[in-house]
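Everything on this sheet refers to the single structure shown next.
Computed from the coordinates by the stated procedures, all read-outs in this text should not be read as laboratory data. All values reported here derive from a predicted model rather than from experimental measurement. Cβ atoms come from the backbone with ideal geometry, glycine included; neighbour counts cover every protein chain shown.
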Amino acid sequence: MELPSRACGDELLRPGELTALRLRLRKLATRNDLTTVIACAFDHRTRMLPFLYADQKMVPAGVRAIGSAMADAGFPKTRIVLQQWNRNFQPSQMRLDGRIPDLFLVSSMHLHSASCQALIRDVCRIEPAERPLVIAGGPKVIYEPWAVFSGDPERPWSVDVAVTGEEYVLLSLLEALLSIRGAGESLRSTFERARDAGALDGIPGLVYAHGDVQGVAEQLVDTGIQRLLGDLDELPHPVLGYGLLESPSVDPTLAPRALPADRVRKHCRIGSLVMTIGCKFRCSYCPIPAYNQRQYRAKSGERISDEIEQIFNTYRIRMFFGADDNFFNNRERALDIVETLARKVAEGSWPHCKIRWGTEATVRDTLAMKDHLPTVRQAGLWALWLGVEDMSGALVKKGQSEAQTLEAFRLLRENGIFPVPMMMHHDDQPLYTWKTGDGLLNQVKRLRQAGAVYSQFLMLSPSPGSKSYEETYTSGLAFESVNHVSVEPRITDGNHVVASRHPRPWTRQLNLLVAYGYFYNPLRFLIALVRPKSTIPLADAETSPVVAGAAPSGGWKHYRRRASRKLRAHFGDAAVQLFGMWGLSHTVYRTLGWCWHLLRGNIRRQSQAPHSPLPMRSPEGGPASHALPGTATAAPVCQSPVPETKKQAA
């Protein structure tokens, strides 16, 4: 069940529309002293391969972008709280600038739903008269906005509004509220007036409750699919968001000040960059193309260069990861980015000479860029995550085959770029085959021989918003419970088998562990000490004049640095093996119990995709854009006009 698209020609905002909105909000900000807390929900039970380290050492791009947008709009009293760092944080005890914040925003992925709901329930403990305006967003809300509203009188908790879009939707909501806010009026009270009058119905990308009493919703109003920002250069600068981070702590409250700039790199070793968004492929298990309404968007090379430079100079972050769906999706836009960064390196720009970055692409598009890979490496690309999925093409065909995958690996390594395969296991794939290379271990072996230093193996799982999502449930493929244990959102991470037609699904679960154990093990560690896969061209060089062709400076400091880099390159493979074995121990600990439940059987299967228990409707009374089949359509509720405030009268 994919998200619908807007009418052809109406998918994108007009050029300059977000920039104009940011300017209007800055004027409103002078009359509204808002305090905001943005929480990133995180369930620590999900910590396992392949997400370990990055889940703690990389600030998610979503919450950082929202923080940047608030600060850019003139609301610097904003704090970003990561549950990765602050697992005891309780919104009911938060104080910012000596008071309860005006806004509480929570963002969540699907697998962190339990933590997200716990945050919402806790903030609802605040007395209604003092409660902040509660807004939910993130991937969970984009596809299942009803999950943050309660219709149970026994458990009354709900957000005030869900944002199913990007920064523009949130900022439009703020503009609508601040334009009618009365002197001394709480933002939540303003929202209730605007909601009841239908003043928010013209902002696509919102879902709010109607008829809610003490946190219990009767129906949900869906204002439709958002318009997308076409020119990503209009986004607020990400350097602002890193200055709003809450310091890691075990306390339930907030610190008096945000994390100092000189301590950000200690906790955030990898900076996330939004460079391109969208993918031309339409894999049945992927929600990305439909979410982007078949659009492909990108920042300019100059904008990305400026972001890297400012983040490096301010916080000394040297490693970056591009939040791209397929970086090489559009050749011209990719070349604009890499050629700009490579030119900065050739000119000797210090930040650009010191940074390294990684991103994602497909095998087919990587091969199409083979003539430009030297420039890509000079631009600082250090590792490329490749969506190999299945080299045989049995699961999905994106122009990949074993020969093409190995050729892409060879080209990347020859140009000093580490290829990182992303594999997806499925019911029809055996663990090992004797005469063909279709087995999971056969492919793992070939990828390791081809030079993979790191890799990830996940099981095909239902993905909300994908083309095959509803069919996965209606066909009985998805599990409801196993051995009387319910399938919780936290285990729908690809590491657990939660949908399978295999007569022995526990073998699929073991196959994932065997694949990791085959890739990361003591024997490979010993071999890596002598014959490492990490000694590729330029592995011991910085993204510096060494790559650009200039002669290095002399002196003992230069030779000491060069020797240190050579040692790191030589022992890099062994270090990754140690990390992989450590991560595998976490993965075994968290998934072996589920394997036991699968072995015991008693599997109950789903017959219908999850849908809203609350009726949903559009503002006009028609079907809701974000409603899945099975959701009841609500009847419209009479709306009252917005009362004129003293501020409006003046």
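Computed quantities for the displayed model
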quantity: Computed log₁₀ I(q)/I(0) - Debye formula, equal Cα scatterers, no solvent, the chain, q 0.06, 0.07, 0.08, 0.12 Å⁻¹; calculated: -0.34, -0.47, -0.61, -1.40
quantity: Over 24 Å (Cα to Cα) - which of K266/K445; K27/K299; K398/K467; K57/K354; K354/K566; K370/K398 fall in this group; calculated: K266/K445; K27/K299
quantity: Those aspartates and glutamates that a straight Cα-Cα span of less than 18 Å connects to K344, excepting residues fewer than 8 apart in one chain; calculated: E302, D306, E307, E309, D336, E542
quantity: Whole-Å semi-axes of region 304-415's equivalent ellipsoid (Cα gyration tensor); calculated: 28, 14, 11
quantity: Of I317, C353, I527, farthest towards positive along the dipole that unit charges on Lys, Arg, Asp, Glu beta carbons give the chain; calculated: I527
quantity: Model label zone, D306; criterion: amide N under 16 Å from point 7 Å along Cα-to-beta-carbon; scope region 161-175; calculated: none
quantity: The chain, helix-only ellipticity at 222 nm - DSSP H runs n ≥ 4, -39,500 (n - 2.57), divided by all residues, nearest 500; calculated: -10500 deg cm²/dmol
quantity: T30-N521 FRET efficiency (beta carbon distance; Förster radius 56 Å; 0.05 resolution); calculated: 0.35
quantity: Kirkwood hydrodynamic radius (C-alpha pairs) into Stokes-Einstein, region 380-501, 20 °C and 1.002 mPa s, D in µm²/s; calculated: 135 µm²/s
quantity: Cα extents of region 310-350 along the three principal axes, largest first (Å); calculated: 30, 24, 12
quantity: Amide H within-cut-off set for V388, under 5 Å, with H built and near neighbours excluded; calculated: M422
quantity: Segment A394-A368, extension gain: residue separation times 0.36 nm, minus the distance between their alpha carbons; calculated: 7.1 nm
quantity: Residue-span extension gain [V588 to Y559] - 0.36 nm each, minus C-alpha spacing; calculated: 6.2 nm
quantity: Nitroxide proxy distance, nm - points 7 Å out along Cα→Cβ at K435 and S401; calculated: 2.0 nm
quantity: Those residues of region 2-34 whose amide nitrogen sits under 12 Å from the label point placed on R99, 7 Å along Cα→Cβ; calculated: 32-34
quantity: Extension gain (nm, one decimal) between H44 and A635, 0.36 nm per residue minus Cα-Cα; calculated: 208.7 nm
quantity: S486-E218 FRET efficiency (beta carbon distance; Förster radius 25 Å; 0.05 resolution); calculated: 0.40
quantity: Two-decimal log10 I(q)/I(0) for region 87-190, as the Debye equation yields it once each C-alpha is a single scatterer, q = 0.11, 0.12, 0.22, 0.24 Å⁻¹; calculated: -0.34, -0.41, -1.31, -1.44
quantity: Hypothetical label at S284: residues of region 486-530 whose amide nitrogen lies under 16 Å (7 Å Cα-Cβ projection); calculated: 499-502
quantity: Bins of 5 Å from zero: percent of alpha-carbon pairs in region 17-230; calculated: 1, 7, 16, 20, 22, 17, 11, 4, 1, 0, 0
quantity: Calculated FRET efficiency for the pair R14/L578, C-beta based, R₀ 51 Å, to 0.05; calculated: 0.45
quantity: Viscosity 1.002 mPa s, temperature 20 °C, Stokes-Einstein D of region 269-600 from Kirkwood C-alpha radius, µm²/s; calculated: 101 µm²/s
